[in-house]
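Everything on this sheet refers to the single structure shown next.
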Amino acid sequence: MTAPLHEETTAKTAVAEPAPGKTETSIEGRSLGRIAWERLKRDKVALVGGAIVLLLILVAIFAPALTALTGQSPNERHENLIDPLFSTPKGAFGGMSGEHLLGVEPVSGRDILARILYGARVSILVGFLSAFVAVVFGTILGTLTGYFGGWLDAVISRVMDMLLAFPQLLFIISLISVMPNNMFGLTGTGVRLLVMIVVIGFFGWPYIGRIVRGQVLSLREREYIEAARSLGAGRGYIIGKELLPNLVAPITVYTTLMIPTNILTEAALSFLGVGVKPPTASWGSMLSDAVTYYESDPMYMIIPGVAIFITVLAFNLFGDGVRDALDPKGTR
């Protein structure tokens, strides 16, 4: 009886031992963030979009230094480079030269490259800060409605429906037209930037609020939430320690897709004349000014249009990659 048992134990031991000359390998655990990053690294298109987004952020931050390297200023006029008869830049392609790499503006002769670099600051600032406002409001209210339900859910959900049906652009236009020129220590363009950030973010929170609400409705019935309740965990602990960490992925995905929408909204407002005040550079205001000269100087319209197109496309490509990395089940 003992011999078979002894032989079986020996055989099991032999299988467990590593082969001669080979070291035993250990299994390394990976966090969810690392797994998502490894998926994202395999998406080359998303990485290109992310690299362009990072470049745009750096351009917005270091715009003064970059314009200093080119020796140009966004508001410096070069009227000697403008044809006095047609008010268009002298030379081909909108006055492009070694000194003015992207040419100059009609009438004023301001350097287009410098204004594009400074215009990136306005677009990135409005895009990111308004998205931050929307995420804060949407996450808080969406979590409360999804977790507590009842009358609170009914009231906030109806508020979401009303805001989603409200004409955002018309409201911002009417609000900016009656806002004072000085407010909270800000003047002119500062006031308009503040209004755009707050209003765009305020009208954007219902979108992310609905997403968060739906996720919380699903998560609050999970086993680990019930286990936390049975152990005596309070509502604050469950929301802060159990629910919010599981909402990071959908919030991150929607934020990356919200920023380009906010950038387009800012460009539309500046195009309509209710964005930043002149002479502050903005891609939307440059497009608005270019409407008059699109036949005689098409480059003045093409360059800011391409800047907006590349920015929005890069954010969308990066957002799609982040979504696929965080939610592989939804990969196309």
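The values are calculated or read from the model by the stated rules, or taken from the named source; none is laboratory data. Owing to the predicted nature of the structure, the values given are computational and were not obtained by experimental measurement. Heads up, the Cβs are rebuilt from the backbone with ideal geometry, glycines too, and the neighbour counts pull from every protein chain shown. For accessibility, only protein heavy atoms count, side chains too; no ligands or nucleic acids. Shrake-Rupley method; radii C 1.70, N 1.55, O 1.52, S 1.80 Å.
What the table shows:
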{"quantity": "Sparse-neighbour loop sites [trypsin sites (Lys or Arg not before Pro); region 137-233; at most 14 other C-beta within 10 Å; DSSP]", "calculated": "ARG222"}
{"quantity": "Residue-averaged 222 nm ellipticity for the chain, from DSSP H runs of 4+ at -39500 (n - 2.57), nearest 500", "calculated": "-22500 deg cm²/dmol"}
{"quantity": "Within the chain, longest stretch free of exposed GluC sites (Glu not before Pro) [DSSP loop, at most 15 other beta carbons within 10 Å]", "calculated": "100-220"}
{"quantity": "Region 172-279: Rg to Rh, with Rh as the Kirkwood radius over Cα pairs", "calculated": "1.19"}
{"quantity": "Whole-Hz ³J(HN,Hα) from phi, Karplus 6.51 cos²θ - 1.76 cosθ + 1.60, for region 202-219, glycine and proline x", "calculated": "5, 7, x, 5, x, 5, 6, x, 5, 5, 5, 4, x, 5, 5, 4, 6, 6"}
{"quantity": "Kirkwood estimate for the chain, i.e. one over the average of 1/r between Cα atoms, Å", "calculated": "23.8 Å"}
{"quantity": "Å² per residue, accessible surface of the chain at 1.4 Å", "calculated": "56 Å²"}
{"quantity": "Long-range amide H partners of THR88 with built H, under 5 Å", "calculated": "ASP83, VAL107"}
{"quantity": "Leading residue at positive end of dipole, the chain (Cβ point charges), from THR145, ILE35, VAL135", "calculated": "THR145"}
{"quantity": "Point-charge dipole on Cβ atoms (K/R +1, D/E -1) for the chain, about Cα centre, debye to 20", "calculated": "580 debye"}
{"quantity": "Cα-based helix-to-principal-axis angle, 44-61 vs the chain, degrees rounded to 10", "calculated": "50 degrees"}
{"quantity": "Relative contact order (%) - region 210-314, alpha-carbon pairs under 8 angstrom, separation at least six", "calculated": "18 percent"}
{"quantity": "Under Karplus coefficients 6.51, -1.76 and 1.60, residue-wise ³J(HN,Hα) of region 302-307 in Hz, glycine/proline x", "calculated": "5, 5, x, x, 5, 4"}
{"quantity": "3J(HN,Hα) from dihedral phi, region 248-265, Karplus parametrisation 6.51/-1.76/1.60, rounded to Hz, x for glycine, proline", "calculated": "4, 4, x, 5, 4, 4, 5, 5, 5, 8, 7, 4, x, 5, 5, 5, 5, 5"}
{"quantity": "GNM top mover of LEU317, LEU287, LEU58 - the chain, alpha-carbon springs below 10 Å", "calculated": "LEU58"}
{"quantity": "Value in Å of the Kirkwood radius, where region 32-128 supplies the Cα pairs that are averaged", "calculated": "15.5 Å"}
{"quantity": "Given 14 as the ceiling on other Cβ atoms within 10 Å, longest exposed-site-free region of the chain for chymotrypsin sites (Phe, Trp or Tyr not before Pro) in DSSP loops", "calculated": "185-293"}
{"quantity": "Net lengthening on full extension, LEU186/THR292 (0.36 nm per residue, minus Cα-Cα)", "calculated": "35.0 nm"}
